[in-house]
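Written below as C-alpha cells is the structure these notes are about.
The values are calculated or read from the model by the stated rules, or taken from the named source; none is laboratory data. The structure presented is a predicted model; accordingly, all values stated were derived computationally and were not measured. Every residue, glycine as well, gets a Cβ built from its backbone with ideal geometry; the counts of neighbours run over all protein chains shown.
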Amino acid sequence: MPLNNSFFSNLDRLDWGVVFLYFLITILIGVYFRKRASKNILSYFVSSRNLPWWLLGTSMVATTFAADTPLAVTGWIRTEGIWKNWFWWNYIFSHVFIIFVFSRLWRRAEVITDNELIELRYSGKPAAFLRGFKAFYFSTIFNFIVIGWVVAAMSKVLGVFFGIDKLYAVVFCLSIAFFYTMLSGLWGVVVTDFLQYIFAVAGTIILAYVVINSPQIGGYDGFVTKINNIDPEHLKFFLTSCENCAETGFLSSGFFTFLIFVTVIWWSSHNADGGGYFIQRFLSAKNEKHAVLGMAWFVLNHYIIRFWPWVLVALASLIVFPTASVTGGDHEAVYVAMIRDFLGPGLKGLLLVTFLAAFMSTISTQLNWGSSYLLNDIYKRFIKKDASEHHYVSMSRIITLLLTVVSGFIALQISNIGNAWIFVWAMSSGIGLVLILRWFWWRINAWSEITALAVSLISMILIILYTRLNGLELELKYQIIVIPVSILCWVIVTFITKPEPQSKLSEFYKKVRPWGFWRPVSADNPEVKTTPFLPIIVNWLLGVCFVITSLMGIGKLLLGNKNIGVLLIIFAVISGTILYRRVSKEFSNLY
C-alpha cells in the first residue's frame, strides 16, 4: 500500500488507542445483534417495528452526517459563502411537514420498504412494474452515487492524514462498513448510529473550540475581528440581489441558484415525502407517536445543534489558509487539514474516529436500505416468493456484498462532493410533487408516477448529452428544466388514463387514513375518521419559523451579530412555545 511517512507521524499511540477502541466497540455491537437480525427480514430491515423515537431519530441524524458533510459545507463556504447551504437548509420546509404528516402516514402503512407502498396505493401490472423499477433504480444507480461520494469524502480524509492512495482508501472504508452491516441488519445499524452520533458531534465541537482558541485565531474576539476582514460574501446567510448577473447572466448567477434552493428543491426532490432510509426508520418505529417524535428529534439535531461547529472551522480556515494550496487546491479537504494541523495527541484520533463514525453510519444505512429494495421489492416479489426467512436473510447479506463492491468502483469516479449532491437531486427532481400528491389526491395513479420518473430520467440524460456535446458545464439552469417538463407530462397522463379501481383506493384509504382530496373514496367509507388538515398547516408554518429563526439566531450570535441574534432567538422561543402548546395534547393522545 503506497503510504508516505505521515501514516505514522500524524497519529501517536494515544490516537491509535482511540481508533482501536472505536472499532472494537463497533464490531462487538455487530456481533451482539447478529442473532436478533437473523430471525427474519422484518427484523433485518425494520427492526421488528420496535425502535423508540430517540434511537430512530438519532439514527437519521447520524446517517445524514456522513464524512462528506463537513467537507462539502467547508468547500461551499470557502468558495461561495454560507448562503449556499440553502441547498440542504431548504429541506426544513419538507422535514417539518414530514413531522406532522408523512411520519404518521408511513407508520400506518406498515410496509417493509417505501416501494411496497406502490402496490398498496396502485393496482395491476403498472404498479408491479413501478415497484420493481424504482427498487432497482434507487438501490443501484442512485444508491451507488450516494455511497460513492461518501466513500470519496472518507478517502480524502485518509489521503490528507496518511497519504493513502484513493483506491486503497476506498477498499479500506467499504470493508469496515460492510462487515457489521451484513452481520447485524438494521438493529446493528441504528445502535452503532447512536454511538457514532455522540462521537461525531463531540468531535466537531472540540475541533471548533480548539481552532477558535488557537494562537492563529486568537480566541472568540479574535475570530470575530478577523472574519470581518475576509470577503463579506462568505458570511452571507441569504442572497438578496443579483450582484454578479451582469458577468454571468441571471440563470448562471448565485442569486438564481439561491432562489431555486429556497423555492423549488424541497418539494421537487425524491425525498419530498420522506426518502428511502427516513421512511425505513418510520416503518421501524414502535408506533405512530414514536415515528412523529423521532422525526422531530432529527430536525432539532440536524438543523439547530450540529451545523455551526462546521461553519466556525470553515471560516477560520479562510483566515489560516486563504487559498487551498495546502490541499492541492481542494477546498473541501481543507477541513481535514485543519484537524491535522491544529489538534494534538488523543484529539486527532478522536476526530479521525468522528469521520469514521460519520462515514460508517451513512454507508451502513445505504447498504442496508439498498439491499432491502433488492430483496423485498425484486427478489422476493418477482423471483422467489415462497422461500424461508433464513434464505431471505442470507440473500440480503449476499446483496449487501454486491452493493459494496460496485459502490467502491463508483467512488473512484467522484472528486467534487458538492457537485455530486446537486446532480443526485437533479436525477429525480421531477417526481417530488407526484410523490406528495399520491397521499392527498385520489386521482393520482401508477401511470402518473411512472411518467414522472421516466420523464425525469430521460430529460436528465438528454441534458447531460446536450451539455457535453456543446462543451458546457452541467449547471443548475439546465438541470432545473427537468421539473416543469416532468410535471406537465405526468399531469397530462393522469387525466388521459383511468383512475385506480375503487376497491384499491378504499383499501389504501382505510389503512392509511390520509388527508386531502379523497371525496369519491371517503363517501364510500364514512366510518374512516380523519383530522382537519388546516391545523396541521398552521403547525407546519410555526415549526418552520421555529427552526429557521433558531438556526439563524444561533449563527448570528456565534458570528458576533448579537442584536439580530437575540431578536431571532426571541422569535424562535415564541413560535416554539405556541407550537408546543398546540401539539402537546394531540401527541399525548397518539397511542
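Quick one: which of Ile99, Ile41, Ile82, Ile77 is at pLDDT below 85 and at negative phi?
Working: Ile99 fails: at pLDDT below 85; Ile82 fails: at pLDDT below 85; Ile77 fails: at pLDDT below 85.
Residue meeting the stated conditions: Ile41.
Which residues, counting only those in the stretch 505-529, are farther than 21 Å from Arg107 by Cα and of a type in the set (Gly, Ala, Ser)?
Scanning the stretch 505-529 gives a single hit, Ala523.
Give me the pairs: first residue in the stretch 432-460 and in contact (Cβ under 8 Å) with a residue 12 or more places away in the chain and over 10 Å from Cys489 (Cβ atoms), second residue among the basic types (Lys, Arg) and assigned to a helix (DSSP H, G or I), beta-carbon distance under 8 Å, and six or more apart or on different chains, which are they?
These pairs meet every condition: Arg438/Arg121; Trp442/Arg519; Ile444/Arg438; Glu449/Arg438; Leu453/Lys134.
Could you please find all residues in the stretch 426-471 being closer than 20 Å to Gly274 by Cβ and polar (S, T, N, Q)?
The answer is Ser428, Ser429, Ser448, Ser456.
Have a look at Glu500, Glu473 and point out the one that is at pLDDT below 90 and not in a helix (DSSP H, G or I). Can you show your working first?
On the way: Glu500 fails: at pLDDT below 90.
Result of the check over Glu500, Glu473: Glu473.
Could you count how many residues in the stretch 262-297 are modelled with pLDDT under 90, farther than 27 Å from Gly576 by Cβ, assigned to a helix (DSSP H, G or I) and of a type outside the set (Gly, Ala, Ser)?
Of the residues in that region, 3 qualify.
Which of the residues belonging to the stretch 124-146 are crowded, with 19+ Cβ neighbours inside 10 Å, within 17 Å of Trp447 (Cα to Cα) and not hydrophobic (A, V, I, L, M, F, W, C)?
Hits for the stretch 124-146 are Arg131, Lys134.
How many of the residues in the stretch 177-190 are over 19 Å from Val151 (Cα atoms) and modelled with pLDDT under 80? Steps first, please.
Initial filter on the stretch 177-190 (over 19 Å from Val151 (Cα atoms)): 183-188, 190.
Remaining after also requiring modelled with pLDDT under 80: 183-188.
Matching residues across the stretch 177-190 total 6.
Looking at the stretch 98-111 only, could you name the residues that are surrounded by fewer than 21 Cβ atoms within 10 Å (Cβ to Cβ) and either touching a strand residue (DSSP E or B) at 6+ places or on another chain (Cβ under 6 Å) or in a loop (DSSP other than H, G, I, E, B) (or both)?
Selection gives Glu110, Val111.
If I ask for residues that are surrounded by fewer than 18 Cβ atoms within 10 Å (Cβ to Cβ), in a helix (DSSP H, G or I) and modelled with pLDDT under 70, which ones from the stretch 378-421 would you list?
Selection gives Asn419 alone.
Return the residue satisfying two criteria in turn: it lies in the stretch 316-329 and is at pLDDT below 85 and not in a helix (DSSP H, G or I), and of such residues it is surrounded by the most Cβ atoms within 10 Å (Cβ to Cβ).
Restricting to residues being at pLDDT below 85 and not in a helix (DSSP H, G or I), the top hit is Ala324.
For Trp83, state whether it is over 26 Å from Ser317 (Cβ atoms) and part of a helix (DSSP H, G or I). Break it down stepwise before answering.
Numbers: over 26 Å from Ser317 (Cβ atoms): no; part of a helix (DSSP H, G or I): yes.
Judged against the criteria, Trp83 is not a match.
Looking at the stretch 476-497, which of its residues are at pLDDT 95 or above and small (Gly, Ala, Ser)?
Matches in the stretch 476-497: none.
Check off (1) in a helix (DSSP H, G or I); (2) farther than 21 Å from Ile363 by Cα; (3) of a type outside the set (Asp, Glu); (4) touching a Leu at 6+ places or on another chain (Cβ under 9 Å) for Leu300 and give me the number that stays unchecked.
(4)
Tell me whether the stretch 568-583 contains one or more residues that are more than 22 Å from His302 (Cα to Cα) and surrounded by fewer than 19 Cβ atoms within 10 Å (Cβ to Cβ).
Initial filter on the stretch 568-583 (more than 22 Å from His302 (Cα to Cα)): 581-582.
Subset that is surrounded by fewer than 19 Cβ atoms within 10 Å (Cβ to Cβ): 581-582.
Among the residues of the stretch 568-583, at least one is more than 22 Å from His302 (Cα to Cα) and surrounded by fewer than 19 Cβ atoms within 10 Å (Cβ to Cβ), which makes the answer yes.
Which residue pairs have Cβ atoms closer than 7 Å, lie 6 or more positions apart in sequence or on different chains, and pair a first residue in the stretch 233-256 that is of a type in the set (Gly, Ala, Ser) and surrounded by 13 or more Cβ atoms within 10 Å (Cβ to Cβ) with a second residue that is outside any helix (DSSP H, G or I) and at pLDDT 75 or above?
Ser252/Glu475; Gly254/Glu80; Gly254/Leu239
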